[in-house]
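Have a look at the structure below before the remarks.
The values are calculated or read from the model by the stated rules, or taken from the named source; none is laboratory data. Keep in mind it's a predicted model, so treat the numbers as computed, not measured. Cβ sites come from the backbone with ideal geometry, for glycine too, and all protein chains shown count toward neighbours. Just the protein is used for accessible areas: all its heavy atoms, side chains included, with ligands, DNA and RNA removed. Shrake-Rupley method; radii C 1.70, N 1.55, O 1.52, S 1.80 Å.
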Amino acid sequence: MAKKLDKVDVVVVGSGWAGGIVSAELSKAGYQVVMLERGKDQTRSDFIGVKDELRYTNRHEMIEKLTGDTITSRVSIGDAALPVRLQKDMNTGTDLGGGSMHWAGSVYRWRSYDFEIRSKTIERYGEGKIPEGMQIRDWGITYDELEPYYAKWEQTAGISGEPDPLGDKRSNEYPNPPMLASPAIKLFKESAKEIGLHPYQMASGNMSQTYTNPDGETLNQCMFCSFCTMYGCDFGSKSDPLATVIPTARKTGNCEIRTNSLVRRVIHKDGKATGVLYTDTRTGQEFEQPADVVVLAAFTFSNNRLLMLSDIGEIYNPETRKGTIGRNFTGQFNSTFLGATGFFNDKKFNYYMGAGGLGGALSDYDADLFDHTDLDFIHGGGIELRQYGDGAIKNNFVPKGTPTWGEEFKEKSLFYAFRTLTVWYSAAVMPWWHNYMDLDPTYKDEFGDPLLRITNKLTEQDKNIAKFGIEKCTEIVEAMGADIIDQDELPDQFNHGYDGMHYIGGVAMGEDPETSAVNNYLQLWEMENLFVVGGSALPHFSSHHPTPTIGALSYRAAEGIEKYLKEKGGLLTKPKSSVNA
Amino acid sequence: MTNNKNSNQDTQDLSRRKFLKSGGLVAGGLLGGSLFGGLLTSQFQKGTKEETASQANKPVSFDARTFFSRNEDFALLSAATERIFPENANGMGAIELGVPYFIDRQCASNWGRNGNDYMHGPFPSVVKTDVYQEENRPKDEVITSSTVVKLPADTANYQTKMTRGTFFLEGLNAMEKTSQDKFGERFVNLEPEQQDEILSMFEKGEVKFSGVDSSDFFSLLRQTTIEGVYADPVYGGNRNMEAWRMKGYPGPIMSFLDKIEEEEFIVMEPSSLRNYQGL
Ligand SMILES: Cc1cc2nc3c(=O)[nH]c(=O)nc-3n(C[C@H](O)[C@H](O)[C@H](O)COP(=O)(O)OP(=O)(O)OC[C@H]3O[C@@H](n4cnc5c(N)ncnc54)[C@H](O)[C@@H]3O)c2cc1C
Ligand code: SF4
């Protein structure tokens, strides 16, 4: 029997950016919050003195362990899905702060085009441009409406950056100046400019200077130590929940954080959520935490699976195209981040130095900033050159055609160490009727509950956009003066690698309850005191990393929850039915 | 040392060959550090009193196998890693860098036991296809271990009950067998070109063993060799940070704030996690 605990105002599942922001905002507003996190407690001192490429990058120390559960994956609806068994193929966050602790910190707002993608595409090219089965739709919120929330997140996170010359309107400057540019980044930017493009220094969640955010949390200047992506920052220089929203929530005295608490069900009665059921992963003891409002902020996979296991909402059925939970699954997989690599015979770069969000970027081939009339895809991608700071295991690049082992490999990999630069195109990914999530009929977790099953197929759109991007990256690498240029190869099909944590959808936002699960406050249409926050709410995947949009929508959701609690109930927006797919 | 005389003899042959070919082996301390354990005592290590005494003042490495039980397996592993990252004019090869010990320890670790992976059944028998072919399979088909499932080539999926440690043992066995079948000789006794031929057969997936693809074994072997060469020396490879020196990689450094804008390539004397943690 689960032990029943005292009721609180709000229970939040997950402690990443999404859960952290909601908890901080509501506890600041005086509500009693309990935050539940399946992983362990951790602090900055856990990251001091552990700059170890093997342990973190190759053995995935900060990534969720799959011992108890994973997802299953397949390409086509007719296939049997198989579990993604290896931790290296399935990178999701865990432990206090979540995946938001080992993120790189590259920061992009999504485009005004994204939020009204369907109307804007039809307006410019006509309805025929959208292929049958591509389920794009307007989001139910415009860029201008979301802009203040982006600005708020950037202030909290202390983003360092300069505005994208082709970017949408901003209400304020980034709170910190851009990061220092290394010679490789300068070369990228100068060369791109020479061929008529509009490069700029990428915005980052690594601090260009010491900064105190509006909640009073102080972050330190980044050391360019290079152990950043896949690592926790031991200098307190990377914007993450442990440096920002979690201490803010704690300081209020209104937020209790319980780690090692794996939530397994949302409990509900008469159409209202009454709390959650969770298991203490150390002892196996079960608890019931009642609350007035339940917030799922447990990342895309858990958000979807918890709703399905709790029997809330209707699971999407691809045959009828009805049902909203699990619908519009997208993410960035092996068809994104493709581009070209240049090998330089006479130049060496200090590429062992760097930071997660250090790089140059350009938007000339992003969103609808270029004419798609004669192109066989919609949307676009961002181009980046990133200087993460390569470790010695990672940096073993050799030109195509070189053996991957033996004498010649050794010779060339040593010669080209730190003489290799990659430029990639991070392509947008559209939702399709045949890509979705549901429950697996065969595989189970350690408690005997079905695993989440993903069905995901690359489409011609994905391949065409990638091909276009690879060509554009090649032109830039040529302009950079590389002696040898290798183009990435197009994948034949989705390879079941889930290693970047850019997977979204399934509880997507919108205006019409027929095709969307939550409204633009991320309140579930079907259960008004349940808010589902995070990447699960994004209806399609834009050309860039998702976290700032997740952060902005988390502030929006927090505002909605406060409104809901104050007004004692009700749907915060009125549903509209539309012809949108 | 009396039972299984033949294989001991082979091991000694290997060590003699290596010994003659590469003085570096001795210099790198591998013999003293017991690559071939007690086997060598009579043959090569007729250590005089003086040598023993001077050893006492030198830093000693306590390397020993903790996963591979059999000398033969370890000798084969060593020879294979050396072909992947051979000693040459650039510097030390895998053996001298300690890569075989690195792999031995990795196999004995949580990673070698797939301790962080999803290892629950059913485990279908997997057939890889060259090009992805759409399969019209009943939607709710229950997979059993006898169901044959087609996966796209290069799939990231690992669908075997075998742990990485077992994978290594099976793979080395299969290499030995292939060597005997093809050349009538033990792998360790082959000429380097012949060893490369066997490795290439594995790389191309031409060898079949225990329901897994030999190319998967090769990539595991290659990847762990590279890891052993370049990981922090605390894991047993990259002895004395020699691989970092070859590459010009400095290891963990607190700050590059004052260097990130430098145009010139900066070579630093490397420092390891041990220095970084102030030990
Ligand atoms: C290596 C890497 C680099 C990245 N770099 C970037 C980048 O540069 N820019 C960018 O924009 N994005 C980046 N991302 C993506 C980014 O990490 C995510 O978008 C972000 O972390 C999502 O935040 P979240 O709060 O929604 O989810 P998370 O941070 O994943 O938080 C969810 C939390 O919920 C917990 N949880 C899950 N299920 C349960 C349950 N059942 N019970 C209790 N708790 C549960 C998890 O343990 C986790 O702590 C990167 C991701 C990775 C892996
Ligand atoms: S590069 Fe900067 S932000 Fe990243 S871990 Fe190092 S100090 Fe922290």
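Out of A:Leu522, A:Thr94, A:Thr43, whose Cα points farthest toward the positive end of the dipole of chain A (charges: +1 Lys, Arg; -1 Asp, Glu; placed on Cβ)?
Farthest towards the positive end: A:Thr43.
Could you tell me the distance between the Cα centroids of region A:257-316 and region A:103-125, to the nearest Å?
32 Å
If you average the C-alpha positions of region B:172-237 and of region A:328-368 separately, how far apart do those two centres end up, in angstrom?
Result: 33 Å between the Cα centres.
Buried accessible area for the A:B pair, summed, 1.4 Å probe, in Å² rounded to 100? Write out the running numbers ahead of the final one.
Details: alone 21910 and 16570 Å², together 31760 Å².
That pair hides around 6700 Å² of surface in total.
Taking the Cα centre of region A:249-361 as origin, work out the dipole magnitude from +1 charges on Lys and Arg Cβ and -1 charges on Asp and Glu Cβ, in debye rounded to 20.
Dipole about the Cα centre, nearest 20: 280 debye.
Quick check: the angle from helix A:547-566's long axis to the longest principal axis of chain A, C-alpha only, nearest 10 degrees?
Between the helix axis and the principal axis of chain A, the angle is about 20 degrees.
Normalised by the number of residues in chain A, what is the relative contact order in percent for Cα pairs under 8 Å and 6+ residues apart? Working shown, then result.
Details: 1469 pairs, mean separation 129.8, N = 581.
Reported relative contact order: 22 percent.
Heavy atoms only, probe 1.4 Å: what % of the accessible area of region A:47-138 goes to carbon and sulfur, would you let me know?
Details: 1150 of 2360 Å².
For region A:47-138, the apolar C and S fraction of the accessible surface comes to 49 percent.
A:Leu369 to A:Lys169: FRET efficiency via 1/(1 + (r/R0)^6), r the Cβ-Cβ distance, R0 22 Å, to the nearest 0.05?
On the way: r = 14 Å, r/R0 = 0.66.
Efficiency, from the Cβ-Cβ distance: 0.90.
Using R₀ = 22 Å, calculate the FRET efficiency as 1/(1 + (r/R₀)^6) where r is the Cβ-Cβ separation of B:Glu197 and B:Asn173; round to 0.05. Write out the running numbers ahead of the final one.
Numbers: r = 18 Å, r/R0 = 0.82.
Step by step, r from the Cβ atoms, then E = 0.75.
Considering only DSSP beta bridges where both residues belong to chain A, give the percentage that are antiparallel (nearest 5).
Numbers: 55 of 82 bridges.
Antiparallel: roughly 65 percent of the beta bridges in chain A.
For chain A, what is the charge dipole size about the Cα centre, in debye to the nearest 20, if Lys and Arg each add +1 at the Cβ and Asp and Glu each add -1 at the Cβ? Intermediate results must be reported in sequence, preceding the final value.
On the way: 60 positive and 79 negative charges, 234 e Å.
Using only the charged Cβ atoms, the result is roughly 1120 debye.
From the mean inverse distance of alpha carbon pairs (Kirkwood) and the Cα radius of gyration, derive Rg over Rh for region A:409-564.
Details: Rg = 20.6 Å, Rh = 19.0 Å.
My calculation of the ratio gives 1.09.
Would you compute, from DSSP H runs of 4+ residues alone, the mean residue ellipticity of the protein assembly as shown at 222 nm, taking -39500 (n - 2.57) per run and dividing by the full residue count, rounded to the nearest 500? Don't skip to the answer; put the middle values down first.
Values: 22 runs with 239 residues, N = 860.
The helix-only estimate for the protein assembly as shown comes to -8500 deg cm²/dmol at 222 nm.
Using a cut-off of 10 Å between beta-carbons, work out the net charge of the residues near A:Lys463 (Lys and Arg +1, Asp and Glu -1, A:Lys463 not included). Write down the numbers at each step before the final one.
Values: positive: A:Lys467; negative: A:Asp376, A:Glu460, A:Asp462, A:Asp492.
Summing Lys and Arg as +1 and Asp and Glu as -1 gives -3.
So how much slack lies between A:Arg44 and A:Asp449, counting 0.36 nm per residue of separation and subtracting their Cα-Cα distance, in nm? Provide the component values of the computation, followed by the final result.
Details: separation 405, 0.36 × 405 = 145.80 nm, distance 3.43 nm.
Contour length minus the Cα-Cα distance gives 142.4 nm.
Checking buried surface per residue: for region B:157-185, which residues lose a minimum of 20 Å² accessible area in the protein assembly relative to the chain alone (1.4 Å probe)?
B:Asn157, B:Tyr158, B:Gln159, B:Arg164
In nm, to one decimal, how far is the B:Arg70 label point from the A:Asp270 one, both placed 7 Å along Cα→Cβ?
Taking the simple label geometry, B:Arg70 and A:Asp270 are separated by 7.1 nm.
Toward the positive end of the charge dipole of chain A, about the Cα centre and with charges on Cβ (Lys, Arg +1; Asp, Glu -1), which of A:His544, A:Ile136, A:Ile470 goes farthest?
A:His544
What is the average number of partner chain Cβ atoms found within 10 Å of a Cβ in A:488-495?
Values: counts 0, 0, 0, 3, 6, 8, 4, 8.
That works out to 4 on average.
Send over a whole-number figure in Å² for the accessible area per residue of chain A, probe 1.4 Å. Could the numbers behind the result be given before it?
Working: 18440 Å² over 581 residues.
I get 32 Å² per residue for chain A.
Summarise the partner chain shielding of A:52-61 as one whole number: the mean count of Cβ atoms from other chains within 10 Å of each residue's Cβ. Write out the running numbers ahead of the final one.
Values: counts 8, 8, 13, 5, 0, 0, 6, 7, 2, 1.
That works out to 5 on average.
What does the highest-first list of A:40-49, B:186-195, A:303-312, A:114-123 look like by mean Cβ count within 10 Å?
Ranked from most to least packed, the peptides come out as A:303-312, A:114-123, B:186-195, A:40-49.
FRET efficiency for A:Glu286 and A:Thr210, Cβ-Cβ distance as r, R0 = 60 Å, nearest 0.05? Spell out each step's value before the answer.
Details: r = 45 Å, r/R0 = 0.75.
It comes out at approximately 0.85.
Using only the alpha carbons, work out the radius of gyration and Dmax of the protein assembly as shown in angstrom.
27.9, 92
Using a 1.4 Å probe on protein heavy atoms, which residues of region A:393-413 have at least 20 Å² less accessible area in the complex than alone?
At a threshold of 20 Å² (probe 1.4 Å), the residues of region A:393-413 that become less exposed are A:Ile393, A:Asn396, A:Thr404, A:Trp405, A:Gly406, A:Glu407, A:Phe409, A:Lys410, A:Glu411.
Expressed as a whole percentage, what fraction of the accessible surface of region A:401-473 belongs to carbon and sulfur atoms when a 1.4 Å probe is rolled over the protein heavy atoms?
Ligands and nucleic acids excluded, carbon and sulfur give 51 percent.
Per residue of A:219-231, how many C-beta atoms from partner chains lie within 10 Å of its own C-beta, taken as a mean?
Per-residue shielding by partner chains comes out at 3.
Please name the residues of region B:228-242 whose accessible area, counted over protein heavy atoms with a 1.4 angstrom probe, falls by no less than 40 Å² between the chain alone and the full protein assembly.
Listed in order, they are B:Tyr230, B:Tyr235.
Please give the Cα centre distance for region A:11-27 versus region A:138-206, rounded to the nearest Å.
Each part reduced to its Cα centre gives a spacing of 26 Å.
How many nm separate the modelled label positions at A:Lys394 and A:Lys186, each set 7 Å beyond the Cα in the direction of the Cβ?
Inter-label distance under the simple model: 2.3 nm.
Quick one: 3J(HN,Hα) in Hz for region A:463-480, Karplus 6.51/-1.76/1.60 with θ = phi - 60°, rounded, Gly and Pro as x.
My calculation for region A:463-480 gives 6, 5, 5, 5, 4, 4, x, 4, 4, 5, 5, 4, 4, 5, 4, 4, 4, 6 Hz in order.
Just the number please: accessible area per residue for region B:167-257, 1.4 Å probe, all protein chains included, in Å².
That works out to 37 Å² for each residue.
Among residues other than A:Gly236 whose Cβ falls under 13 Å from its Cβ, what is the net charge (Lys/Arg +1, Asp/Glu -1)?
Numbers: positive: A:Arg44, A:Lys238; negative: A:Asp46, A:Glu217, A:Asp234, A:Asp240.
Taking every Cβ under 13 Å from that of A:Gly236, the sum is -2.
Once you charge only the Cβ atoms, +1 for Lys and Arg and -1 for Asp and Glu, what is the size of the charge dipole of region A:1-111 about its Cα centre, to the nearest 20 debye?
Details: 16 positive and 14 negative charges, 22 e Å.
With Lys and Arg at +1 and Asp and Glu at -1, about 100 debye.
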